[in-house]
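Asker: Got a structure for you, written out below as structure tokens; questions coming shortly.
Bear in mind these aren't lab numbers, they're just calculated from the coordinates by the rules spelled out. This structure is a prediction, so every number in the text was calculated from the model and none was measured. Cβ placement follows ideal geometry from the backbone for every residue including glycine, while neighbour counts extend to all protein chains displayed.
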Amino acid sequence: MNVLPLAQLQINKPGGSDACAASNGFCPGWIVENLDRYWTPLLEHIYLTLVPVAIGFAISMGLAILAHRRRWLTGPITGVTGVFFAIPSVSAFFLLQPITGLGYTTAIVALVSYTLLIIFRNITDGLRNVPAETRDAALGQGLTERQVLFKVELPMAVPEILAGLRIATSTTVGLAALAVFAGGGGLGAEILRGNDKFFKSNVIVAGGLAVLLAAVLDLLILALQRWMTPWRRARA
Amino acid sequence: MTGTLAFLGDFGDAIDFILHERDSVSGGVRIGGIGELAGLAQTHMIVSVAALAIAAALAIPLALWLGHLGRGDFLATATSNVGRAVPSLALLAFFISFIGLGYTNVIAVLVLLAIPPLITNTYVGVRQVDRDTVDAARGQGMTGIEIVRKVELPLALPAIFGGLRTSAVNVVATATIAPIANVQTLGEPIITPQTYGLVGGLGAAIIVALITLLVDFAFARTQRAVTPAGLKLAHPARRRLFTLPTRRRLESR
């Protein structure tokens, strides 16, 4: 791949009138001036994170409940989702293109496939860690299997489930930066954008926004976890 | 497009690209074929192996020692959280713009990506060793170094290999974007569609996917092989046909 020498890159840079930007420095002034151009990539990135995590969560929850009823399915499901998980995202973006074309769909399908193993394993672990006595007590009180699942087991597994959701979310924020190779936009597209390629201030802002997004989403899920597990707070 | 593979559509064409040389999309250059791809794969593997080796040499001894001392809970969780949150593309772009292009920078980025899972897994692996076992070793007169080498390290090996597996897969996957730093790995056909087209990218993507699956599988087998017999006996129910990433290992990604 031909990467132009930086000296040539500095021509035609938007906002290149700024002397600092022209010398490819780290320029707070340029950043403040150009902050609005990151708005759309950031929104795309949020979309590329939340949609795959939501779809992945729904699929994993279904699979985990299925595997909870039919234990023998756990192995095969972990095996298949493990293969999805190991295939590099850049590779997956290309493998999907003959089927889904270039764009959001390809990016989202690939990103969903990464979240499955993480969330599935955490849900099954959470369900398995519910003490047998608790289950027995619930059954003894006359709850049906379905009631035990929704009123006892799933609520008790919430910390593990949300821990999985946190891992899946921050991983997806990172992988979504590569969605640019699937034509999916996002902050990665900003990092690799034409004339501004590897312009220091641009890399710092776009990369920094991705890290910030991961941190904010992580804190939000943590807050959700505290709100959903009041018994933990009482103990602490 | 060869007739025999035509029924596979783009995938058949991609396999043809892997096997036979052809003209580039824009013309003028010959691309594809075993020769070119083997060269790209070689660079890919050299960069990956170097990065993993350096990261292991740095992270494992450090985490072993911190785990032995029982100091570093914060480090272990912080590195894994930060490591997961920083996108590999952003890190590579950061290195390119501030330091420059080339092998050294690509390897440096891959090392940084490989370190967090190694630290977290090694540290957790050592901390999970039964305290009674360590006390027994100390009671037999073993020194600190002997305890690390003869007790804690062997018992933590499965966890350490879990970390190596996660890091290896991450490194091989991330080496795919190395061409943006002028290092010609298997990502080259993926990142320059103007020369290689969809089919070239697809061919390279197939090879990269196969390599990572192979690496993943190889480390999974090694992980099982290095698990001390005593640990296998202790958890017979946990043994599976395929060892898959555990939650703790996933947390480090």
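Asker: Have a look at A:Val211, A:Val203 and point out the one that is closer than 27 Å to A:Phe93 by Cα, surrounded by fewer than 21 Cβ atoms within 10 Å (Cβ to Cβ) and at the interface with chain B (Cβ under 8 Å from one of its Cβ atoms).
Answerer: It is A:Val211.
Asker: Go through (1) without any contact (Cβ under 8 Å) to a residue 24 or more places away in the chain; (2) facing chain B (nearest Cβ under 10 Å); (3) among the aromatic types (Phe, Trp, Tyr) for A:Phe198 and report which single condition fails.
Answerer: (1)
Asker: Among the numbered conditions (1) surrounded by fewer than 23 Cβ atoms within 10 Å (Cβ to Cβ); (2) more than 7 Å from chain A (Cβ to nearest Cβ), tell me where B:Pro179 comes up short.
Answerer: Evaluating B:Pro179 over (1) surrounded by fewer than 23 Cβ atoms within 10 Å (Cβ to Cβ); (2) more than 7 Å from chain A (Cβ to nearest Cβ) leaves (2) as the failure.
Asker: Let me ask something else. Among the numbered criteria (1) away from every other protein chain (no Cβ under 14 Å); (2) crowded, with 24+ Cβ neighbours inside 10 Å; (3) closer than 25 Å to B:Thr192 by Cα, which single criterion is violated by B:Leu118?
Answerer: In the conditions (1) away from every other protein chain (no Cβ under 14 Å); (2) crowded, with 24+ Cβ neighbours inside 10 Å; (3) closer than 25 Å to B:Thr192 by Cα, B:Leu118 misses (3) alone.
Asker: Quick check: anything in segment B:72-92 under 15 Å from the mean Cα position of the chain (by Cα), more than 14 Å from chain A (Cβ to nearest Cβ) and at negative phi?
Answerer: no
Asker: Would you point out which residue out of A:Ser60, A:Ser91 is in a helix (DSSP H, G or I), within 14 Å of chain B (Cβ to nearest Cβ) and either among the aromatic types (Phe, Trp, Tyr) or under 21 Å from A:Leu162 (Cα atoms) (or both)?
Answerer: None of the others qualify; the one that does is A:Ser60.
Asker: Residues in segment B:185-210 that are more than 14 Å from the chain's Cα centre (by Cα) and within 8 Å of another protein chain (Cβ to nearest Cβ): how many? Quick ask: steps written out before the conclusion?
Answerer: Residues of segment B:185-210 more than 14 Å from the chain's Cα centre (by Cα): B:185-207.
Now restrict to residues that are within 8 Å of another protein chain (Cβ to nearest Cβ): B:187-188, B:190-192, B:198, B:201-202, B:204-206.
Qualifying residue count for the region: 11.
Asker: Of all residues in segment A:167-176 being within 9 Å of chain B (Cβ to nearest Cβ) and within 13 Å of A:Leu222 (Cβ to Cβ), which is farthest from the chain's Cα centre (by Cα)?
Answerer: Looking at the filtered set, the residue picked out is A:Ile167.
Asker: Tell me, which residue of segment A:103-153 that is surrounded by fewer than 17 Cβ atoms within 10 Å (Cβ to Cβ) and within 14 Å of chain B (Cβ to nearest Cβ) is nearest to the chain's Cα centre (by Cα)?
Answerer: A:Gly103
Asker: Further, regarding this structure: Looking only at segment A:63-70, decide whether some residue is of a type in the set (Val, Ile, Thr) and in contact with a helix residue (DSSP H, G or I) (Cβ under 6 Å, 6 or more places away or on another chain). Before the answer, list the steps.
Answerer: Pass one, segment A:63-70, residues of a type in the set (Val, Ile, Thr): A:65.
Add one more test, that the residue is in contact with a helix residue (DSSP H, G or I) (Cβ under 6 Å, 6 or more places away or on another chain), and what stays is none.
No: zero hits.
Asker: Select from segment B:35-67 the residues that are closer than 20 Å to B:Val124 by Cβ, in contact (Cβ under 8 Å) with a residue 12 or more places away in the chain and among the hydrophobic types (A, V, I, L, M, F, W, C) and list them in ascending order.
Answerer: B:Leu52, B:Ala55, B:Ala56, B:Leu58, B:Ala59, B:Ile60, B:Leu62, B:Ala63, B:Leu64, B:Trp65, B:Leu66
Asker: A further question follows. If I ask for residues that are more than 8 Å from chain B (Cβ to nearest Cβ) and surrounded by 24 or more Cβ atoms within 10 Å (Cβ to Cβ), which ones from segment A:181-195 would you list?
Answerer: Filtering segment A:181-195 for residues more than 8 Å from chain B (Cβ to nearest Cβ) gives A:182-186, A:189-190, A:193-195.
Those that are more than 8 Å from chain B (Cβ to nearest Cβ) and surrounded by 24 or more Cβ atoms within 10 Å (Cβ to Cβ): A:Ala182, A:Gly184, A:Gly186, A:Glu190.
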